[in-house]
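Colleague: Structure below; questions to follow.
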Amino acid sequence: LDIAGGNLDRKVHVFRSDEIGQLCVNFNQMTDALRKSHDYLTTEITNHKRSKEQLLKLSQAVEQSPSAIVITDINGAIEHVNPKFTDVTGYAWEEALGKKFPNLIGNLSSEKYENITDAVLSGEIWRMEFANNRKDGEQFYAHVTISAVWGGDGNITNFIGVIDDITERKKMEERLVVMADHDPLTSLFNRRRFQRE
């Protein structure tokens, strides 16, 4: 009853050398084996809980990321997108699932796509800024980063793409370029630009 209640450190005193004594020795060996199994299972459960918590944390980080995140298989077919992807591109998760990632990030030629694939397969991280269109046709500027996800066996299992909408930054850069050469009141060339001309 004591052992059934969880006291696996309980031992039977061996006070005889006959069959009863051997039974006591075997009983003590059984409780030692139970203790080892219990400790092993406790460690496994703790590790499983820790892994589950880590996976949940990573999943929440992807889902709540301020950047659009796309996970594809090794052929570029989308397996997962986070909510920010929908905000940036206008494509819902259901619409993006199974589509080729390059088809949703701009008009990339097959040659350009092959260059990206070759770079990422060789272990490089590919980065580029370009104009793109949302689902509704509105243009936006995107900074896209694509990298490989490596499995425990050393092979690539997936690709991950991170898309940042940099439209406001691009508009500000364009305004700064105009402001550098134009008078803000009249929109005519300023003195610096006039002298250069």
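The values are calculated or read from the model by the stated rules, or taken from the named source; none is laboratory data. This structure is a prediction, so every number in the text was calculated from the model and none was measured. So basically every Cβ, Gly included, is an ideal-geometry build from the backbone, and we count neighbours across all protein chains shown. Surface accessibility is based on the protein's heavy atoms, side chains included, excluding ligands, DNA and RNA. Shrake-Rupley method; radii C 1.70, N 1.55, O 1.52, S 1.80 Å.
Colleague: Be a star and scan the range 114-148 for residues whose amide nitrogen sits under 19 Å from the point 7 Å along the Cα-to-Cβ vector of MET172.
Modeller: What the label zone holds, given the 19 Å backbone N cut-off, is 129-131, 140-144.
Colleague: So which chymotrypsin sites (Phe, Trp or Tyr not before Pro) in the range 12-70 pass both tests, a DSSP loop state and at most 15 other Cβ atoms within 10 Å of the Cβ?
Modeller: Counting only loop positions with at most 15 other Cβ atoms within 10 Å, the chymotrypsin sites (Phe, Trp or Tyr not before Pro) in the range 12-70 are PHE15.
Colleague: Between ASN133 and GLN54, what is the FRET efficiency for a Förster distance of 30 Å, r being their Cβ-Cβ separation, to the nearest 0.05?
Modeller: According to the calculation, E is roughly 0.20.
Colleague: Working from Cα positions, state the angle (0 to 90°, nearest 10) between the long axis of helix 110-121 and the longest principal axis of the chain.
Modeller: 40
Colleague: Related question: With all protein chains present, calculate the accessible area of LYS84 using a 1.4 Å probe and round the result to the nearest 10 Å².
Modeller: 70
Colleague: What does the helix-only formula give at 222 nm for the chain: each DSSP H stretch with n ≥ 4 adding -39500 (n - 2.57), the total divided by the residues, and the result rounded to the nearest 500 deg cm²/dmol?
Modeller: Per the formula, -15000 deg cm²/dmol.
Colleague: Kindly sort TRP93, TRP126, TRP150 by accessible area of their heavy atoms, largest first, with the probe set to 1.4 Å.
Modeller: Values: TRP93 105, TRP126 30, TRP150 130 Å².
Descending order: TRP150, TRP93, TRP126.
Colleague: In a shell of Cβ-Cβ distance under 11 Å around LYS84, excluding LYS84 itself, what net charge do Lys and Arg (+1) and Asp and Glu (-1) give?
Modeller: With Lys, Arg at +1 and Asp, Glu at -1, the net is -4.
Colleague: Past the 24 Å Cα-Cα mark, which pairs from LYS11/LYS36; LYS84/LYS171; LYS57/LYS100; LYS135/LYS170; LYS99/LYS170; LYS135/LYS171?
Modeller: Numbers: LYS11/LYS36 15 Å; LYS84/LYS171 21 Å; LYS57/LYS100 27 Å; LYS135/LYS170 20 Å; LYS99/LYS170 28 Å; LYS135/LYS171 21 Å.
Checking Cα-Cα distances, LYS57/LYS100; LYS99/LYS170 exceed 24 Å.
Colleague: Under a 1.4 angstrom probe, counting protein chains only, how are LYS36, LYS57 ranked by accessible area, largest first?
Modeller: The ranking, largest first, comes out as LYS36, LYS57.
Colleague: Averaged per residue, what accessible surface does the chain expose to a 1.4 Å probe, in Å²?
Modeller: Result: 70 Å² of accessible area for each residue.
Colleague: Roughly speaking, to the nearest percent, how much of the range 73-164's 1.4 Å accessible area is carbon and sulfur?
Modeller: About 48 percent, which is the carbon plus sulfur part of the accessible surface.
Colleague: Using the Karplus curve 6.51 cos²θ - 1.76 cosθ + 1.60 with θ = phi - 60°, what ³J(HN,Hα) values do you get for each residue of the range 80-93, in whole Hz, with x for Gly and Pro?
Modeller: Working through the residues one at a time gives 7, 9, 8, x, 5, 4, 5, 4, 6, 9, x, 8, 6, 3 Hz.
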